[in-house]
1. Of Lys214/Lys280; Lys289/Lys397; Lys203/Lys296, which ones are farther than 27 Å apart at the Cα?
2. Of Ile217, Ser245, Gly272, which is farthest towards the positive pole of the stretch 206-292's charge dipole, taken about the Cα centre with +1 and -1 on the beta-carbons of Lys, Arg and Asp, Glu respectively?
3. Could you tell me the accessible area of Asp483 in Å² (1.4 Å probe, neighbours in place), rounded to the nearest ten?
4. Using only Cα atoms, locate the centre of the stretch 236-254 and the centre of the stretch 155-221, then give the distance between them in Å, rounded to an integer.
5. For Lys141, what accessible area in Å² do you get when you roll a 1.4 Å probe over the heavy atoms of the protein chains, rounding to the nearest 10?
6. Ser168 label point, 7 Å along Cα→Cβ, cut-off 12 Å on backbone N: hits in the stretch 128-151?
7. Quick one: with all protein chains in place, what share of the accessible area of the stretch 97-201 is carbon or sulfur, to the nearest percent (1.4 Å probe)?
8. Assign unit charges at the C-beta atoms only (+1 for Lys and Arg, -1 for Asp and Glu), then state the dipole size of the stretch 97-201 relative to its Cα centre in Debye, rounded to the nearest 20.
Amino acid sequence: MGSVSFTSMLANGCRNFSAPVALVRTLALTHVALSEHANNYKHVKVACFSRSSKKRTTFACESLKQDVTQPTAVSSVNGYPEYARLLPCPSHNGPPRVEHLVVSEGGPALEYICKTLDLPPQFVADLIHFGAVYYALVCPKPPPTATPEQMRVFKEVTAPSVLKNRASIKGKTVREAQKTFRITQADEFVEAGTYLRVHVHPKRFPRCYEIDWKSRIIAVSEEFVVLDKPAGTTVGGTTDNIEESCATFATRALGLTTPLNTTHQIDNCTEGCVVLARTKEYCSVFHGKIREKKVKKVYLALAAAPVPTGIITHYMRPINVAPRLISEGNHYFPQAFGEMIHLDRLFCGMQISLKGGVSVNLRSWNARRFPGQMLSLKKYCVEDCGWPSKYYAYECKINLLTGRTHQVRAQLAACGAPIVGDSMYMPAAVAEMESPGLNPFGQYKKHYTTENDKETAVAGWIARHGKEPNVAIGLQACQISWDDGKHTFEARAPWWRCQ
């Protein structure tokens, strides 16, 4: 393994994940000026059905207080915080709070939500602007944890005798009428019986306000924009937040009047090249190129152990939930997708020396091997995750031959070389190192006599995985190309090569 030279690590254009203290997280909304401070959120994940503004029932309520630096004013009426605005953006996400309502009296969506949930109009207007409010013409079936009262309300509003009198659902099946859509206008009318889902605490992305977005633009054409996506951001938004996204902020940075469209995704914790379409037509064109395998992606990964060169093939469980479980053979997942990555012999295994230390600030460049400024990975918001070797990491270049969610992360972890900072897959990889038979799909898997034993082992293996990383991991989409290289773009140096 050859060592990476210190000069190569001081590449131009490197950046720091830590924002200056003077930066204020303020969203440049074009339609409203924001001057109030949003309260930090305290409290609960809640789901309720309500047909009355005076009485609400909840599915589940667990009091979880967020670690905050400022006191939160709490309403004496219902125990929730007193909400003001969604901005400025809090530095940390609090526990989610999702409210499920059934409209008892028709009227504007904003007015009904304000009255039912006791929220201020400006706050609800912000939620609608963020894309955090949904509706369906007919209420979906409550979960098994619903109380008898909640089930009674559901049956009452979905009774055939009630539904047949609603003109808005004529010609639709119940399943079609239960499909949810975002509410985009505060004055949008919702009729009695309409289902509303309100994400009162949408997931936030404070990194969006710390980025010089113009400096992240790689290329602009009539059809597309190529962006060097920062870690800790989402490409096109989340279920409850389409405002704090790369597409939105890149649109503003370029002064475009038409919003950019997402053509593909990379994980929030991954940095690097993404392509945003300037028109819906080119968005469809690019999707077609992806389906026809005309789009090529190359990744740089910083692994916790050496990675073998060549083509690595695994089979992924065809269930669209994280963590992604993979196996070397497809007999464990009969309908699994074969996942392949090719590790380039020229770049794989370039050794980067790191100095050990305490767990919260344990990795810095080894001055003996790389004389120069000491670098702390805490500065880049990279988590420890139980990394067993604190002294070395290994960079490899990966040609992605197939493209699945978490593919590179899951495959390298299965090779015993999890990505640095990957708090989801590294804990499981470390556990398998300590107990080789722990992974029911691993090389030293046990033989299970019954399906129940195997299911128990699988559940235990899933529990060994951790949470999704907060900001950065050692993974960068360093290059993207399509049309046989006619269009080829590269990102700047990854964070681990930065000064």
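1. Details: Lys214/Lys280 23 Å; Lys289/Lys397 23 Å; Lys203/Lys296 31 Å.
The pairs that break the limit, which is 27 Å between Cα atoms, are Lys203/Lys296.
2. Ile217
3. Taking all protein chains as shown, Asp483 has close to 50 Å².
4. Taking the Cα centre of the stretch 155-221 as reference, the centre of the stretch 236-254 is 17 Å away.
5. 150 Å²
6. Within reach of a label on Ser168, which here means backbone N under 12 Å from a point 7 Å along Cα→Cβ, the stretch 128-151 contributes 135-139.
7. On the way: 2830 of 4960 Å².
Its accessible area is 57 percent carbon and sulfur atoms.
8. On the way: 13 positive and 11 negative charges, 126 e Å.
Dipole size: approximately 600 debye.
The values are calculated or read from the model by the stated rules, or taken from the named source; none is laboratory data. Just so you know, these numbers come straight off a predicted model, no measurement behind them. Because the Cβ atoms are built from the backbone with ideal geometry, glycine has one as well, and the counts that use them run over all protein chains shown. Just the protein is used for accessible areas: all its heavy atoms, side chains included, with ligands, DNA and RNA removed. Shrake-Rupley method; radii C 1.70, N 1.55, O 1.52, S 1.80 Å.
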